[in-house]
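Read-outs: derived from the displayed coordinates by stated rules, not from any lab. Worth saying up front: this structure is predicted, and the values here are computed from it rather than measured. Note that each Cβ is placed from the backbone with ideal geometry, even for glycine, and that neighbours are counted across all protein chains shown.
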Amino acid sequence: MTDADSVLGAMRRHRSIRDFGPEPVPDEHTERAVEAAQCAATSSWIQAYQLLQVIDPAERAALAELAGGQPQVERAGAFFILSGDTRRHRLLARREGAPYANSAELFVLATVDASLFAQNLTLAFESMGYGTCYIGGIRNRLAEVDRLLELPEGVYPLFGLCVGVPASDPGTRPRLPARAIWSQGRYPSDAEVMASADAFDERSAAYYEQRGAPGRNWSGGVWRKFRRPLRPDLRGFYDSKGASFD
Ligand SMILES: Cc1cc2nc3c(=O)[nH]c(=O)nc-3n(C[C@H](O)[C@H](O)[C@H](O)COP(=O)(O)O)c2cc1C
């Protein structure tokens, strides 16, 4: 098999795991995965992220609750919080007595950098045979997560990541066809977007039916999710941690 085949194969095998065996993730494995993940591109080499592994079982139990009752946070072999991190840069500027000119761009940079690192990390762990599950649920009660973990100013927790040995395998979930999200030369028209969504609904309905949830489809999940504002207090929280949205 060529390198591309094995990398693409690992990417295509991704599925979120929510049911983990009791095996811990040895630090040597985490170190190997983190070192590889750090090779992700990073805006202007700023490396604006931090990975916090939560060790204390009581803290993991509390986080499982704060994330909306997600037992995998407590049970996975390892649990991490991924944050955009501007603190390192602030400290460096402060040491030089230089101004730190905050702006919305710096929040975006940190969020993008952290996400690129996180996806590389996920793929690294998966290529080593582990299962993973991102936990956006930590943003449900982010101020409480922040207090529990005593996160400093300039650090923007974004999501959690469970890593461990899968105890069961839910299988892969289908995606929109590549040609629906890849357009050349011009953006797809509304009609084209809707046609590809309708076609995908047929696939997603079959997927749900196979998994014992007949009558559901992808677009229904989408419009229902966006009926109400999601986590409306996030801006206030990130403001309080030193983010600027100007
Ligand atoms: C940033 C992010 C946050 C997520 N948060 C959660 C979560 O809190 N709980 C959960 O069970 N899955 C979570 N997921 C997993 C998604 O639900 C999952 O990736 C999606 O349904 C597609 O399924 P798949 O990963 O198995 O292909 C999250 C995914 C991402 C990218």
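Tabulated data
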item: Shape category assigned to the stretch 68-127 from the gyration tensor of Cα positions, a/c cut at 1.5; result: prolate
item: Of Pro71, Pro174, Ala4, farthest towards positive along the dipole that unit charges on Lys, Arg, Asp, Glu beta carbons give the chain; result: Pro174
item: Derived scalar couplings ³J(HN,Hα) [the stretch 62-67; Karplus, 6.51 cos²θ - 1.76 cosθ + 1.60; whole Hz; x for Gly, Pro]; result: 5, 5, 4, 5, 4, 7
item: Antiparallel DSSP beta bridges within the chain, as percent of all bridges there, nearest 5; result: 95 percent
item: Interchain or long-range residues, amide H under 5 Å from Phe159's placed H; result: Leu82
item: Cys with no candidate disulfide partner in the chain (beta-carbon separation under 4.7 Å rule); result: Cys39
item: Amide proton proximity set for Tyr134, modelled H, under 5 Å, gap of 5+; result: Cys162
item: For the stretch 3-170: rounded, prolate or oblate by the Cα gyration tensor [a/c cutoff 1.5]; result: oblate
item: Cα centroid separation - the stretch 58-77 against the stretch 196-242, whole Å; result: 22 Å
item: Whole-Hz ³J(HN,Hα) from phi, Karplus 6.51 cos²θ - 1.76 cosθ + 1.60, for the stretch 216-225, glycine and proline x; result: 10, 8, 5, 5, x, x, 5, 5, 5, 5
item: 222 nm mean residue ellipticity, helices alone, for the chain (DSSP H n ≥ 4; -39,500 (n - 2.57); rounded to 500); result: -14000 deg cm²/dmol
